[in-house]
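What follows draws every value from the coordinates through simple rules; no lab data is involved. Treat the numbers as computed from the prediction; the structure is a model and nothing was measured. Glycine gets a Cβ as well: all are built from the backbone with ideal geometry, and neighbour counts include every protein chain shown.
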Amino acid sequence: MKKKILAIAAITGVVFYACQRQVSSPADAPDSVTSQANTAESAADAKAAQVCFEGEVLPIFQSSCAKSGCHDAASHKEGLVLDSYNHIVRGEGIVPGNARASELFQQIINGKMPPAGNPKLTNTQVVTIRKWINQGAKNTSNCLTCDTSIYTYTGAVSVILGGHCVSCHTGINGGGGVDLSTYTGVRTVALNGRLVGAVTHAAGYSPMPQGAPMLSDCNITQIEKWVAAGAANN
């Protein structure tokens, strides 16, 4: 009986030691797996089509962050102003080539920015910012072409609104009661004149994007032509 007890104890000790070795193995550690995933993500982003800061990234920050009470020049909440390239990349907020190490990006994916009570960035917007950072967070400008002969909803209008307006106008609680995240919502304001009135800053309409530069002449023309053609879901 004594020998049997000793044998069981020895086997238990071996199993416990093996388990300890397995748990403490660096290769199996969650941090190691996460690091490998982040490295692969950064490598993939670096090879992806170049993200244009001026045309794709800046509008997101201007419409979602650089507004009154948050990160415009007047409010500069927590000392941050996010209305231009130089302000956005200042300090430790952006680590070129490493989105996951960038404090500003962490605030976005952790749901802390925009703060509670404000529309969250869409997944497409988050990915755009991540790619831009992983590609070196460059101040790229004049890199997007605009063609007024293209004015379909999917090919032009939804892309323009997604980059400049959706962050403020999503769902039933969208700014001004306007939802620009769906075709139905966009069509409603297109047909009642509010969309063109807002983007052209016409008298009697709330200018859009709010607190940000007016859309380019080309983008406005695309929206106007789409509306004039019947605002189809094309």
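Using θ = phi - 60° in the Karplus curve 6.51 cos²θ - 1.76 cosθ + 1.60, the 3J(HN,Hα) couplings for the range 108-120 round to 6, 6, 8, x, 8, 9, x, x, 3, x, 10, x, 6 Hz; x is entered for Gly and Pro.
The protection proxy used here, the mean number of other Cβ atoms lying within 10 Å of each residue, ranks peptides 121-127, 145-151 as follows, highest first: 121-127, 145-151.
State to the nearest 20 debye the size of the charge dipole of the range 47-134 about its Cα centre, where the only charges are +1 on K and R beta carbons and -1 on D and E beta carbons.
On the way: 9 positive and 7 negative charges, 62 e Å.
I would put it at about 300 debye.
A Förster radius of 22 Å, combined with the Cβ-Cβ distance separating ALA44 from LYS112, puts the computed FRET efficiency at roughly 0.30.
Of SER32, SER181, how do they rank once you tally other Cβ atoms within 10 Å and put the fewest first? Write out the running numbers ahead of the final one.
Working: SER32 12, SER181 20.
With the fewest neighbours first, SER32, SER181 line up as SER32, SER181.
Rounded to the nearest whole Hz, the Karplus-based 3J(HN,Hα) values (6.51 cos²θ - 1.76 cosθ + 1.60, θ = phi - 60°) of the range 186-200 follow the sequence 5, 4, 4, 7, 6, 7, 8, x, 5, 5, 5, x, 6, 6, 8, with x at glycine and proline. For the range 81-185, a simple Cβ point-charge model (Lys and Arg +1, Asp and Glu -1, everything else neutral) yields a dipole of about 280 debye relative to the Cα centre.
Pull out the extension gain between SER35 and GLU224, defined as 0.36 nm times the separation in residues minus the alpha carbon to alpha carbon distance; nm, one decimal. Don't jump to the answer; show the numbers that get you there.
Working: separation 189, 0.36 × 189 = 68.04 nm, distance 4.69 nm.
Separation in residues times 0.36 nm, less the Cα-Cα distance, equals 63.4 nm.
Between ALA101 and THR188, the distance separating the two model label sites (each 7 Å from Cα on the Cα→Cβ line) works out to 4.6 nm.
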